[in-house]
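Beneath this line is the structure, given in structure tokens, with notes to follow.
The values are calculated or read from the model by the stated rules, or taken from the named source; none is laboratory data. Everything numeric here is computed off the predicted structure, so don't read it as measured data. Positions of Cβ are backbone-derived with ideal geometry, glycine not excepted, and every protein chain shown enters the neighbour counts. Remember, those area values only see protein heavy atoms, side chains included, never the ligands or the DNA or RNA. Shrake-Rupley method; radii C 1.70, N 1.55, O 1.52, S 1.80 Å.
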Amino acid sequence: MTATVRTRVAIVGAGPAGLLLSHLLADAGIESVVVDQRTREQIESTIRAGILEQGTVEVLDSLGEHSRARTVGHRHDGIELRFAGEGHRIDFPSLVGRSVWLYPQHEVLEDLIAARLAGGQDLRFGITVNGIEDAETERPRVIATDAHGQPLVIEADFVVGADGSRSVVRPVVTGSAFGGYFREYPFAWFGILTEAPPSADELIYSNSPDGFALISQRSATVQRMYFQCDPDADTAAYSEAQLWEELQKRVPGTTLKEGPIFQRDVLRFRSFVAHELRKGRVAIVGDAAHTVPPTGAKGMNLAVADVILLNLALQALLLEGDERRIDDFADAARRRIWKAQHFSWWMTSMLHVTADATDFDRMRQLGELRSIVESEAGQTYLAEAYTGWPLATA
């Protein structure tokens with residue numbers, strides 16, 4: 001037998017976007033059902049980095065005691081741009097009066113899941129969504145299979161796809177799984193997790209003739225570091241000594257604190273923006289709608305910005321019968337999406353070395369970096385974009 005569930009908003013995907021949307025809707029008195037193919041353990045144990053803009057942290061403050069961003073997370077008041085063997089600190093508070101927080105995404109997910117379950121959220125794990133029907137009617141339906149293999153239908157007033165870059169909902173909105181603007185970069189990041197004390201108090205973004213490196217932190221005893229590599233790099237091809245040598249030569253002037261490396265991965269670089277973000281009573285947000293290179297630290301923050309706009313639009317639609325905000329949602333979201341795409345591309349192109357770069361390209365790149373660090377206006381632009389543009393308000 002097919003089980004049928006009725007709700008106001010059906011949310012596909014229990015990532016940051018889907019869970020935050022359910023929280024904001026609940027605050028407005030709008031019920032929702034959130035489904036995800038993964039188990040709770042899988043969601044909470046998938047380790048991903050996270051730099052939170054100040055606006056994102058302020059939104060997460062609404063979780064109350066469940067948000068640990070300010071207590072477990074670490075506030076960073078700047079970053080270092082390192083090139084030509086010298087470091088240059090970008091001081092966020094003095095430039096724009098804002099900061100960022102180092103707080104991994106899986107920690108955010110733990111907070112959101114705890115808050116939603118405490119609030120009585122209908123949150124279902126192990127649900128496989130097979131498709132969306134009746135998107136352009138007032139009663140769209142999610143067609144799914146539950147964790148026991150039984151058919152499940154969720155009838156809603158609105159369906160939201162927050163199900164990541166391999167979104168099942170996206171084709172309903174765009175017409176295909178690949179309906180969007182796309183760029184693939186000719187390099188990737190080789191990432192490591194190491195048991196070591198921090199090598200720096202804040203993130204170091206380093207441009208060197210040998211390629212880019214990012215020196216990040218995770219905790220007092222675990223650190224995250226990356227260096228530019230080929231997208232097809234074999235994680236097993238390097239010894240630990242070779243990995244440390246590769247990282248160290250890309251941050252001249254900083255002595256890295258080494259320790260045992262217990263995780264390795266290769267992170268490919270892609271930019272994507274879906275051609276459409278909404279069709280009828282179905283919309284997509286977060287990675288289902290767009291992806292950015294990690295250089296600008298915009299991924300999760302951009303998802304939060306989408307959710308803020310969609311939450312306001314759904315409140316107007318479902319509580320007041322006002323369709324104007326939902327009609328404007330895609331255009332409003334795209335303004336920030338493309339600003340974030342530009343910033344991520346700009347940071348990426350300014351800091352990485354391409355295989356076909358000429359001597360002119362290299363010297364021009366150094367000139368660009370000096371134009372930033374030697375100009376208060378240049379530093380201010382970087383600080384403003386990195387810490388986050390203002391979020392939409394009611």
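Return the FRET efficiency for the residue pair His106, Ser349: r is the Cβ-Cβ distance, R0 is 25 Å, and the value is rounded to the nearest 0.05.
The computed FRET efficiency comes out at 0.30.
Would you mind telling me the antiparallel percentage of the DSSP bridges in the chain, rounded to 5?
In the chain, DSSP labels about 70 percent of beta bridges as antiparallel.
Binned at 10 Å from 0, what are the whole-percent values of the Cα-Cα distance distribution for the chain, short to long?
5, 23, 31, 24, 13, 4, 0
Give me the lysines in straight-line cross-link reach of Lys298: C-alpha distance below 21 Å, same-chain residues under 8 apart excluded.
Partners within reach: Lys339.
With every protein chain left in place and a probe of 1.4 Å, what is the accessible surface of Glu110, to the nearest 10 Å²?
70 Å²
Any idea what the alpha-carbon Rg over 2.2 N^0.38 Å comes to for segment 188-288?
Scaled against compact globular proteins, the figure is 1.33.
Out of Leu369, Phe227, Gly179, whose Cα points farthest toward the positive end of the dipole of the chain (charges: +1 Lys, Arg; -1 Asp, Glu; placed on Cβ)?
Gly179
Any chance you could run the full-extension gain for Met363 through Lys249? It's 0.36 nm times the residue separation minus the Cα-Cα distance, nm to one decimal.
Separation in residues times 0.36 nm, less the Cα-Cα distance, equals 39.1 nm.
Using only Cα atoms, locate the centre of segment 288-365 and the centre of segment 62-131, then give the distance between them in Å, rounded to an integer.
17 Å
Which far-off residues, 5 or more places away or on another chain, put their amide H under 5 Å from the one on Val353, with H placed in the peptide plane?
Phe212
Specify the residue with the greatest mean-square fluctuation among Ala114, Ala305, Ala283, computed from a Gaussian network of the chain linking alpha-carbon atoms under 10 Å apart.
Sorting by GNM fluctuation, first place goes to Ala114.
When the accessible area of the chain is computed with all protein chains present and a 1.4 Å probe, what percentage of it is carbon and sulfur?
Of the solvent-accessible surface of the chain, carbon and sulfur hold 48 percent.
For a Förster distance of 22 Å, can you work out the FRET efficiency between the beta-carbons of Ser375 and Ala84, rounded to the nearest 0.05?
The pair Ser375/Ala84 has a calculated efficiency of 0.85.
For Arg370, what accessible area in Å² do you get when you roll a 1.4 Å probe over the heavy atoms of the protein chains, rounding to the nearest 10?
Taking all protein chains as shown, Arg370 has close to 90 Å².
Which residue, Pro198, Leu81, Gln42, has the largest displacement toward the positive end of the dipole of the chain when charges sit on each Cβ (Lys, Arg +1; Asp, Glu -1)?
Gln42
Summing Lys, Arg as +1 and Asp, Glu as -1, what charge do residues with Cβ under 12 Å from the Cβ of Asp306 carry, Asp306 excluded?
Residues close to Asp306 contribute a combined charge of +4.
Accessible area per residue, 1.4 Å probe, Å², for segment 230-321: what's the number?
39 Å²
Using just the helices of the chain, give the 222 nm mean residue ellipticity in deg cm²/dmol: DSSP H runs with n ≥ 4 each add -39,500 (n - 2.57), and the total is spread over all residues, rounded to 500.
-11000 deg cm²/dmol
In segment 246-394, if every C-alpha pair distance is counted and binned at 10 Å from zero, what percent goes to each bin?
Going from the shortest bin to the longest, the percentages are 9, 29, 29, 20, 10, 3, 0.
Grab the other residues whose beta carbon is less than 12 angstrom from that of Arg170, score K and R as +1, D and E as -1, and report the net.
0
What spacing in nm lies between the two simple spin-label points modelled at Arg139 and Leu117, each 7 Å away from Cα in the Cβ direction?
The answer from the label model is 3.4 nm.
If you count only protein heavy atoms with a 1.4 Å probe, what accessible area per residue comes out for segment 127-212, rounded to a whole Å²?
That works out to 43 Å² for each residue.
Kindly report, to the nearest 10 Å², the accessible surface of Ile47 as traced by a 1.4 Å probe over protein heavy atoms only.
70 Å²
Would you list the membrane-span-like helices of the chain, meaning whole DSSP H runs whose alpha-carbon atoms span at least 15 Å along their axis and whose mean Kyte-Doolittle value is at least 0.0?
For the chain, where a helix must reach 15 Å along its axis and average at least 0.0, the hits are 16-27, 105-118, 299-320.
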